[in-house]
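The values are calculated or read from the model by the stated rules, or taken from the named source; none is laboratory data. Being a predicted model, the structure only gives us computed values, none of them experimental. Neighbour counts are summed over all protein chains in view; Cβ atoms, including those assigned to glycine, are modelled from backbone coordinates with ideal geometry. Ligands, DNA and RNA are stripped out before the accessible areas are found, and what is left, the full protein with its side chains, is counted by its heavy atoms. Shrake-Rupley method; radii C 1.70, N 1.55, O 1.52, S 1.80 Å.
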Amino acid sequence: RRQRQMCIRDRGWEVQGILQEAGVAAVPEAAVVTFVGTAADPIHGRTPWGELAHQLGAYGVLEEHDRRRRAPGKDRLHQLLGQRPTLILMDEIAEYAVKAKEFRDQVVAFFQELSETVKVVPQAVLVVTLPSSAPYGEEGARALHELQEVFKRVETIRTPVEGEEIYEVIRRRLFEDMGDPREANQTAEQLFHLYQQLREDVPQEAREVSYRERLRKAYPFHPEVVDVLLERWSTFPDFQRTRGVLRLLANVVAELYQAKHQAPLILPAHINLANPAVRGELLRHIGNEYQGVIASDVAGGSAKAERLDREIGSEYARFAVASGLARAIFFASFSGGGKQGVSLQRLRLALLQPDLQPAIIADAMQRLAQELWYLHAEGGLYWFSSQPNLNRVLVEKEEALTPDALSTEIRNLTDRFAGNKPKVVVWPQQGADIPDREELFVAVLAPELHRRAPGVDSHVGELLRKCGQKFRTYQNAVLVVVAEEGDMAALRQHLRRLLAYRAIREDRALWRQLGEDKRREVENKLRSLEAGLDHRLASAYRHLARVGEEGVQWYDMGLPTSGTRLTLADRVVEFLRGEEVLVSKLAPQSLLRLALAHVNEKPVADLYRDFLRNPGFPLLESKEVLLQSLAQGVAQGLFGVRVGGKLFVREPVPSDAWEDAVVVVQPPEVEPPTLSLEPREVRESPPGSSEPPVMPVPTGEPSGPSPAQLTSYFLRVQVPWDKLSDFVRGVVLPLRQAGAELQLEVVLHAHAAQGFKEATLQHAVRETLQQIGAQVLQEGVGNEPSM
C-alpha cells in the first residue's frame, strides 16, 4: 500500500496535467474493474471475463462462459458494459495466459473481443500492462507475442518509466530520506571533474556536461549500475525491468548500509556477489554453472581476485581494486540479447573514486588477466564465461607435466647453452664422468645438486679431487658450476609454462577451438618465453668451485648482464678473467717464481702439467700462454731453453722445437754483460719541469778510477714499466755479480683510469712481496704517498 501511495504521489503532477487537458476539475465517478494475472487462479478462480462480470454486478450475463472457460462475444460484452463509465485495469495478463494453458486461446480471444468493444463504447477505458520481456521462457514469449498482436491495432502505448525517470523511481522506492541535496551535487561535481581529467581513459559521454546531471539524478547510485541492469539484465525474458532492478538493488543497499560502507556512491564494483541474495538473483537468469565461476575468480574466501587484494595490500586492499573490477566485469558480462563484455574505459567508471589513483586500474586488469581462470578478453572487451580461459588450460597442461619431462627439458636446455670452449661436461654423477686430461673442463651439475643442497660441498670436493677410485692428477684443470636454488626454481616454473604453451599449440582439438586472438596470444607467449632461456639458465648457474690451496674455493658469479648472450662456458671464462684467475698472458717472472724457483731445469711438457696439477696456480687459457711466456723469458735472458744439444738464450726458439724443449734456469753457459760503475754527473731538470733528472747512459768503457777503487754506489732513476726487465738485467744483475751487496728501495705509484680490483693487490702484489721477503716501508691507497 505504501508503494502504491508513493507511486500516486510520484505521478500526481501527471494526473493534474491530464485533468486540465480534458477540461475537468476532478476524476469523474466510474465503475472500476481490476484483474491481476499473478493473483488469479486459472483452475479454481474466475476467468478475466467472469471477474469483469462479477465486479460489475452482472455475473449472470457471463456465468456459463466463465464456467465453461469460453470467451464471450461482442454482444455480451456490450450488454455488460452498458452506458455507464467503466475503467478496466488488467495487470500481468501475459503471465495469466501462460498459466491458463488449456484455454489460452480463449484468453487471447477474449482480449481481442474486449479491446474492440471498448473501442466503440465511449464511456469505457481498458488499461492493460504487458511486460517488456516475456515470462516463463518460450511459452511466455509466445503468449506475449499473441497479446501484443491483439492490442497493437487499438492500443495507445504508455511506458510508465522512461529514460532517466528510472533514477527517481529507484531513489523513492528504496530510500525514505535522501539527506542533504548538496551531497549529491558535490559528489556529481567531483566525479565529473575526475572524468574530465582522465580524458580518453573514460568514455566520451562521461566527459559531456549532461553526464554531470545524470550523476546527480542517479545518486546514490552511479548511472552505470542502473544502465547495466536496464540495458543488459532486463533483456533476459524472466527479468522484470522495474521490479527486478528494485529487488536486486534493495539487497545491495541493505548490505552496504549494514556494513557502513564509506564510498561516496554505489558503483558496479560494490555489487557483492558473495551475498547469497544478490548472487541468487543473477544466477537465476544465467544458470547455476556460474556459481563455480564466482567462487573461483570473483567472490568468496578463495576467489583469486580477493586473494590478489590481500597479497598486494596498499590501495588494492583498501579499495578492493582487484575484486571490485572482477565484480564489475561479471555484472556487465551477460544479457539476453547476446551483448557481453565491458571496456577498460567503462571499468574505470565502475570503480574509480576521488581518492583512488586512476593508474592502478590498468595494473589491476593486467594482474587479473594473468591470474583468473574464467576471464576472457578480446577486441578490447573483458567478460566472464563458464568456459575456462588460457590461464586455466595452462594450469591443466602444467599439472599434466611429469617430473621426467621437465628434467629432460632442463637437460636439453643445458646441453644447448653449455658451450664447448673450454669443454663442458653436463650433469656428471661421479668423478669418473669428468676426464682427467691435460685440458680445462667445466662440469655443470644437475639442478637438484644446487648450492644449498645437503652434501653438495663434499660431492663437489670428490669431483674435483678424484677421478673414479684414483686421485685426480690434473686437479687444477676442473671447474664445477652449481645452481642457485631460488633461480633454478624460477627456471623450472618458466620452463613449465613454456611446455604448457607448447602443449596447447600441439593439441589440435583445442587449437581449433581457440579464436584468432587467442592463437596469436599463444604464439607471442611462446616467442617471449623462448627468447630469455639462455639468460635464465645463466642466472641459475651462478656458483663456481675449484680446488684452492686450502680446499674447495667457491665463487659467486652473480647475475649476468641483461641482453648479453653467453654460453655457460663463456660466462665462466669471462668471470675468471675478471677475477684474474684465468690468464691469457703470464709474465716470465711469475713463471720463474711459481714453477721454476727450486729447479735447475724442467721439460716444457712437465712445466705445462704443473699448471694443470697444482691448486693455487693460475689457470692458463691454453698451452700457448705458457709458450709465449717462455719465449719472452728466453728473450730477456731470465732463463734458457735447450733443444737437443743447443741452448737458446736471448734468441728466438724455433716454433717447432717447443715439444722437445727443456727449460734451463740460470744457465752457467751464459756470461752476464759487464757495466762500468763510474759515477757520472747528473744533469738536473729545469726548475718547474716534471721530467726526471737525466743520468748519462754507461758506455761500457772504463774511465776514471778503476772499479776496485769504488766502495759504494747510489742511484735514483725513473724507469718505464715495460723496461723493468732490462733494468734488472742490465743494472741490478751486473752489480750483484760484481760482488756488491744491494739494498733496493722501490718507489711505485700505480694509477689506472678505469680502476683495478682489490684482488690484484691482495693476491698478486702483496702475495709476491711476502714470498720474496720484501719489507714494506710505506703503502697507501688513493693519493701518492709522500717520500
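Structure data summary
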read-out: Hydrodynamic radius of the range 556-608 per Kirkwood, over alpha carbon pairs, in Å; value: 13.8
read-out: Amide H within-cut-off set for Thr34, under 5 Å, with H built and near neighbours excluded; value: Leu89
read-out: Accessible-area value, Leu627, 1.4 Å probe, nucleic acids and ligands omitted, Å²; value: 30
read-out: Convex hull of the range 250-361 built on C-alpha atoms - directionally averaged projected area, nm²; value: 7.2
read-out: Whole-Å semi-axes of the range 171-266's equivalent ellipsoid (Cα gyration tensor); value: 24, 19, 11
read-out: Qualifying lysines (Cα of each under 30 Å from Cα of Lys602; at least 8 residues distant if same chain); value: Lys421, Lys423, Lys466, Lys470, Lys585, Lys623, Lys646, Lys723
read-out: Over the range 585-657: Kirkwood hydrodynamic radius from C-alpha pairwise inverse distances, Å; value: 12.5
read-out: Measure of compaction for the range 510-667 (Cα Rg per 2.2 N^0.38 Å); value: 1.63
read-out: Solvent exposure, largest accessible area first (probe 1.4 Å, DNA, RNA and ligands not counted), of Leu630, Leu592, Leu744; value: Leu744, Leu592, Leu630
read-out: Within the range 432-479, trypsin sites (Lys or Arg not before Pro) in DSSP loop having at most 14 other beta-carbon neighbours inside 10 Å; value: Arg437, Arg452
read-out: All lysines inside 24 Å of Lys518 as judged from Cα atoms, apart from same-chain residues fewer than 8 positions distant; value: Lys304, Lys339, Lys397
read-out: Label-point separation, Asp507 to Lys74 (7 Å along Cα→Cβ), nm; value: 6.7
read-out: Three-way shape call for the range 229-300 based on the alpha-carbon gyration tensor, with the a/c threshold at 1.5; value: oblate
read-out: Measure of compaction for the range 303-350 (Cα Rg per 2.2 N^0.38 Å); value: 1.28
read-out: Rounded accessible area of Met178 (nearest 10 Å², 1.4 Å probe); value: 60
read-out: Kirkwood Rh and Cα Rg combined as Rg/Rh, the range 39-116; value: 0.93
read-out: Built amide H within the under 5 Å cut-off of Leu375, gap 5+; value: Asn389
read-out: Karplus-derived HN-Hα couplings along the range 365-378 (A = 6.51, B = -1.76, C = 1.60, θ = phi - 60°), whole Hz, x at Gly and Pro; value: 5, 5, 5, 5, 4, 7, 9, 6, 9, 10, 8, 10, 9, 6
read-out: ³J(HN,Hα) computed for each position of the range 218-224 - Karplus, 6.51 cos²θ - 1.76 cosθ + 1.60, integer Hz, glycine/proline x; value: 7, 3, x, 9, 7, x, 4
read-out: In the range 447-484, the GluC sites (Glu not before Pro) that fall in loop regions by DSSP, at most 14 other Cβ within 10 Å; value: Glu448
read-out: Convex hull volume of the range 387-445 per residue (C-alpha atoms, cubic angstrom); value: 81
read-out: Proximal lysines to Lys152, defined as alpha-carbon separation beneath 18 angstrom and excluding residues fewer than eight positions away on the same chain; value: Lys119
read-out: Euclidean distance of C-alpha centroids, the range 293-349 and the range 523-582, integer Å; value: 42
read-out: Virtual paramagnetic centre 7 Å along Cα→Cβ of Arg613, amide N under 13 Å, in the range 578-596; value: 595-596
read-out: Per-residue ³J(HN,Hα) for the range 600-612, Karplus 6.51 cos²θ - 1.76 cosθ + 1.60, θ = phi - 60°, Hz, x for Gly and Pro; value: 8, 7, 7, x, 4, 4, 5, 5, 5, 5, 4, 5, 7
read-out: For the range 313-445, projected area of the alpha-carbon convex hull averaged over all directions, nm²; value: 13.6
read-out: Residues whose placed amide H lies under 5 Å from that of Ala124, excluding near-sequence neighbours; value: Thr86
read-out: Accessible area, probe 1.4 Å, largest first, for residues Val649, Val252; value: Val649, Val252
read-out: Probe 1.4 Å, all protein chains present, accessible-area order of Lys260, Lys623, largest first; value: Lys260, Lys623
read-out: GluC sites (Glu not before Pro) within the range 192-297: DSSP coil, no more than 14 neighbouring Cβ in 10 Å; value: Glu208, Glu289
